[in-house]
Amino acid sequence: MTPVVETHGVGKQYGSLVALENLAFSVQAGEVLGVLGPNGAGKTTAIRVLTTILAPSSGSFSVGGIPHTRPAKIRRLVGVLPESAGYPERQTGEEYLRYFARLFGQSRASAQEVARALLAEVGLSDRRHSLIATYSRGMRQRLGIARALVNEPRVVFLDEPTLGLDPAGQRQVLSLVRRITAERGATVLLSTHLLAEVEEVCSRVLILNRGRLAAEGTVSEIARRAAAPRSARLRVAAEHVERARKTLTASAGIEQVEPGDGHLGSLIAMLDGSASPTAMNDGLRALADADVQVLAFELEGARLSDAFLAMTEEA
Amino acid sequence: MASAAPTMPQRRTPGWAIVGRQELRDLWLGGRGLLLGLAFSVLLSTIAYLTATNQALNFLEQRESVNLTLQVAIAVGSLLVLLAAADAVSGERERNTLETLLVTPVSRLHLTGGKLLAALSLWLAAFVITIPYVWFLGRGVGVVRDALATGIVVGTLLAVFLASLGIIVSVFASSNRVSLALSLFLLLAVFAPTQLPGSAQKGWAGELLLRVNPLTAGEHYVGKILVSGHAWSEDASWLISPIAAAAVFSVAAAIVGARFIHLGRGGS
């Protein structure tokens with residue numbers, strides 16, 4: 001299958017400042033690719049390069065098979081919701097979408113149709129004649145996503161689409177992201193700080209750090225690769241605490257067992273750094289054999305957030 | 001969410017026309033243009049009243065009052081155009097609306113063209129507002145037709161020059177405030193020679209200064225036609241500078257717009 005986005009050693013420099021260095025990855029059609037990274041990691045620069053707003057200083061890329069040397073053609077294939085996008089306050093939602101549909105080559109009549117259909121899709125039909133000035137932040141973000149779809153793009157770039165939204169607003173935006181891939185078959189590149197939403201909607205993840213690609217893979221691959229479990233937090237029946245502590249301490253690969261904070265019966269088992277990633281399985285087996293009732297269990301250091309922190313702090 | 005093939009129809013209307021139409025809607029239906037037009041007509045009413053009353057006292061000859069009113073209309077109309085143009089790119093950048101325009105297939109040249117067109121509409125509106133004042137002040141001395149004709153020619157040349165200048169400043173300015181301030185400063189610099197004493201405007205150096213400056217040259221030409229009653233062709237050489245400024249600056253604005261529109265700090 002030919003990748004819909006493909007980059008080869010893409011770099012971007014502003015004078016002596018390296019914003020992006022040797023970025024190489026590919027995205028298949030229909031994927032939702034999460035682009036993660038701390039502030040200044042190069043996420044927005046990468047999106048601006050791939051959407052042809054900025055020319056790369058080095059390397060090459062293609063979108064939908066179109067090389068980066070033909071930016072006008074690429075722009076016809078992509079939809080973009082920039083970070084902190086602004087909106088003309090004195091236009092209505094419908095006028096705004098109609099204008100962009102016209103900029104993408106639609107006739108007046110079809111631009112009107114597209115605007116109405118998209119407003120319905122993002123749940124803004126009833127506000128289509130209201131000035132954008134009266135829209136909430138969540139409504140503006142949905143309008144921005146609708147604008148990114150006016151040209152039926154093959155690739156949609158969403159730069160921090162949930163920034164500043166309340167949980168309900170975030171949910172609506174994430175639901176739209178899922179529908180873009182499921183119903184339109186478009187590829188989505190989602191840049192975000194919120195790791196939970198990446199775990200929820202992204203099929204693959206890129207982690208950028210200081211302009212470089214720190215990791216690439218599925219959420220579970222990255223979590224496994226970068227953040228082997230360091231400890232386990234468990235809760236046992238209160239009367240079994242002492243037995244559990246002794247059993248775990250005797251188990252191979254567990255270095256130390258400490259009382260956990262919070263509930264009575266909670267324990268933290270520190271894993272031996274050189275132990276196998278499955279060391280805790282043996283400990284759990286030993287607890288079962290010792291007839292200890294385990295009420296809750298969680299491996300720490302096996303989540304995307306741990307991988308993210310490990311990869312971005314190390315570099 | 002309806003799925004559709006990513007094939008878009010070919011653009012029937014050029015990008016500059018679509019951008020220009022939307023800019024005109026924003027300017028005029030958004031109320032900003034109407035407000036500026038209202039302020040312009042209040043100013044012109046005041047000028048017309050003062051010149052008409054002076055004329056009644058024989059301080060100003062009728063032709064001179066038409067000339068003064070027309071020159072004020074051209075100067076203030078050009079100022080409005082400059083202010084609108086100075087906001088064209090830096091304003092979009094500051095409102096975070098530029099990036100969404102740059103990711104459309106419309107070229108930066110067309111974006112510039114559409115914005116220039118919208119800014120120029122302020123001059124056309126100013127000229128239309130000026131017509132009844134010129135007619136009222138110039139009726140009976142056979143100067144109305146010449147006044148309107150020279151007004152539209154000279155005013156349009158100066159408006160194109162200043163709109164282009166405003167666009168260029170706006171493309172490079174680090175903020176909208178800087179763009180507006182710098183544009184106003186440049187306008188004042190262009191206006192400065194009009195305030196020189198009459199003696200300084202005489203001699204070859206004085207005449208050169210008047211001829212090189214598109215604003216003073218244009219206003220001088222209008223005065224020659226309206227006050228001195230010269231034929232259009234007699235002093236046509238005074239139009240060289242306004243024509244050259246309009247041509248050079250509009251080409252420069254096109255090149256600058258096409259090549260240098262950027263997102264500003266952090267965005268290139």
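Testing B:Val160 on (1) crowded, with 24+ Cβ neighbours inside 10 Å; (2) within 14 Å of chain A (Cβ to nearest Cβ); (3) assigned to a helix (DSSP H, G or I), one condition comes back false. Which one is that? Going through (1) crowded, with 24+ Cβ neighbours inside 10 Å; (2) within 14 Å of chain A (Cβ to nearest Cβ); (3) assigned to a helix (DSSP H, G or I) one by one, B:Val160 breaks only (2).
Which condition number does B:Asn67 fail, the rest of (1) within 17 Å of B:Leu180 (Cβ to Cβ); (2) more than 10 Å from every other protein chain (Cβ to nearest Cβ) being met? It is condition (1) that B:Asn67 fails. Screening B:Val171 on (1) under 14 Å from B:Leu82 (Cβ atoms); (2) touching a helix residue (DSSP H, G or I) at 6+ places or on another chain (Cβ under 6 Å) shows it passes everything except condition (1).
Condition check ((1) free of Cβ contacts under 8 Å to residues at least 60 places away in the same chain; (2) of a type in the set (A, V, I, L, M, F, W, C); (3) on the phi < 0 side of the Ramachandran plot) across all residues:
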residue	(1), (2), (3)
B:Val154	no, yes, yes
B:Ile168	no, yes, yes
B:Phe172	no, yes, yes
B:Leu180	no, yes, yes
B:Leu187	no, yes, yes
B:Phe191	no, yes, yes
B:Ser199	yes, no, yes
B:Trp204	yes, yes, yes
B:Glu207	yes, no, yes
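If you check A:Gly185 against the conditions, is it within 16 Å of A:Val5 (Cα to Cα), within 14 Å of another protein chain (Cβ to nearest Cβ) and either of a type in the set (Gly, Ala, Ser) or without any contact (Cβ under 8 Å) to a residue 12 or more places away in the chain (or both)? Taking the combined requirement at face value, the residue satisfies it. One residue stands out in segment A:55-101 among those that are within 9 Å of another protein chain (Cβ to nearest Cβ) and over 26 Å from A:Thr181 (Cβ atoms): the one that is surrounded by the most Cβ atoms within 10 Å (Cβ to Cβ), namely A:Tyr99. When each of B:Ala84, B:Ala88 is tested for being at negative phi and not in a loop (DSSP other than H, G, I, E, B), the lone residue that passes is B:Ala84.
Just so you know, all these numbers are worked out from the coordinates, no wet-lab data involved. Everything numeric in this text was worked out from a predicted model, so none of it was measured. Here the Cβ is made from the backbone with ideal geometry for all residues, glycine too, and neighbour counts use every protein chain on show.
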